[in-house]
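Single-structure report; data block below.
Just so you know, all these numbers are worked out from the coordinates, no wet-lab data involved. Keep in mind the model is a prediction, meaning the values are calculated, not measured. Positions of Cβ are generated from backbone atoms using ideal geometry, with glycine treated the same way; all protein chains shown enter the neighbour counts.
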Amino acid sequence: MDIFVGVIVGLIVLMILVVAHEFGHFIAARRNGVNVLEFGIGFPPRAIAWVKDEKTGKWRKLKRLEWDKTGITKAVGAEDKKALKSAKNREDDKKIIQKGLIFSINWLPIGGFCQMDGESAEDSRKGTFGNANFWKKTKILFAGVAMNWLVAFVILTILAWAGMPTFLDNQFTIEADTRTDFTPVQVKAVSDDSPAKKAGFMTGDFILAVDGTEVKNGSEIIELNKDKAGEVVSYKILRKGEEGCNCDENLDLSAQLNPANSEYLLGVTMESSQSLNHSTWSAPIVGAGLTLQLTGETFKGLGQLVWNLISGVGQQFSFDGATRESGREAIQSVGDSVTGPVGIIGVLFPSFTSAGPSNLAFLAALISVSLACMNVLPIPALDGGRWFLIALFKLRKKHLTKEIEEKIVARAFIVLLALIVIVTILDITRFFR
């Protein structure tokens, strides 16, 4: 059940992040005079859609007949029949009947899209993306990236105020305005016939102290137990009462630990504790600083992956067996470090969802930063790659034709899809390890 809920939550969060990215493109396009044909949540087939009349500013529900080429003439009236007959393709049909912005909600909950008029750099018609100057194209292409960074900043700012989980070494914070709360270590399970069972430990108990020493995480408890193996140890326990009643108990339990060479000393399985940092006036600063820190760590991780892959492949050509083995380990580390859609939705989201809303929000911010960083890279199928392609031809003072642009983007997209398939296969094989 936890996995099912985590998958649903993951799909919703990813869709929101992608829609936010596309909304950045939408705002920038409209502000820079580029017509947007359709802004969609999810991917087709359509569930419902509305069209806005740009002259009156009014919205109306888009008739289903208008979604199909065969029914367009019935939906829009006889006056457009002649224009429809001369239309060369479906895209032309859409421009004839649309006469305004379409907003759609679609059946496939895997993101969203912002379809601009004339997305080819060669298009010279007024109001198209292709007709916009280089600076306007730059703003439109990177607006999605900026929106993802903005979403991460907002999430992390809220977390800084409500309670920021710690995931990074030297995680950015303002010490002068930070209060740290520790979640007590919770007992998840008690072994039968164990010292803990005999002492009266129960699932759900919180361990606050060991022999008078306050503990903040499970490792501290383990170390203190090791130091007192075979001895009688006292534990301060918080036992929560039933929900709705003010009946929490603070208990002192004593357990005769097993000897040092035993299978276990106390006999409990503990849930990892977590510290939450709270800020007040510095919350926006922490949000901005941590967004920058996550961005730096993301680029650093990407650089390390590329280096491991290149060096690992290069070492395979060595005559030295140890060098080749080192290269194989480097390549293996790349496969172990990369997580695709299956791993993110099927593993990360269920575990972070069960860990609580703060952890889930942090994961959403991290993925938002990752989306921003990936779209900055000069990969032709992504925003940064499209900008790089336009800038390269502009710098060379050469004309970027629609055919050249489509060939480059299509080939890059095929490579990207192949990588996604490979990573997905790796994700699936991890489930069966």
Revision key, fill the gap. Share (percent) of C-alpha pair distances in region 184-273 greater than 19 Å works out to 32
Point to revise | trypsin sites (Lys or Arg not before Pro) lying in DSSP loop within region 141-199, provided at most 15 other Cβ fall within 10 Å | key: none
Point to revise | Placed amide H near residue 38: partners under 5 Å, 5+ positions off or other chain | key: 102, 115
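What pairs in 55/394; 52/407; 198/236; 188/236; 226/300; 61/407 have C-alpha atoms more than 27 Å from each other? Before the final figure, lay out each step's value.
Working: 55/394 35 Å; 52/407 34 Å; 198/236 16 Å; 188/236 17 Å; 226/300 38 Å; 61/407 37 Å.
Cα-Cα > 27 Å for 55/394; 52/407; 226/300; 61/407; rest within.
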Study note, to complete from the structure: Going from the fewest other Cβ atoms within 10 Å to the most, one would list 373, 114 as 373, 114
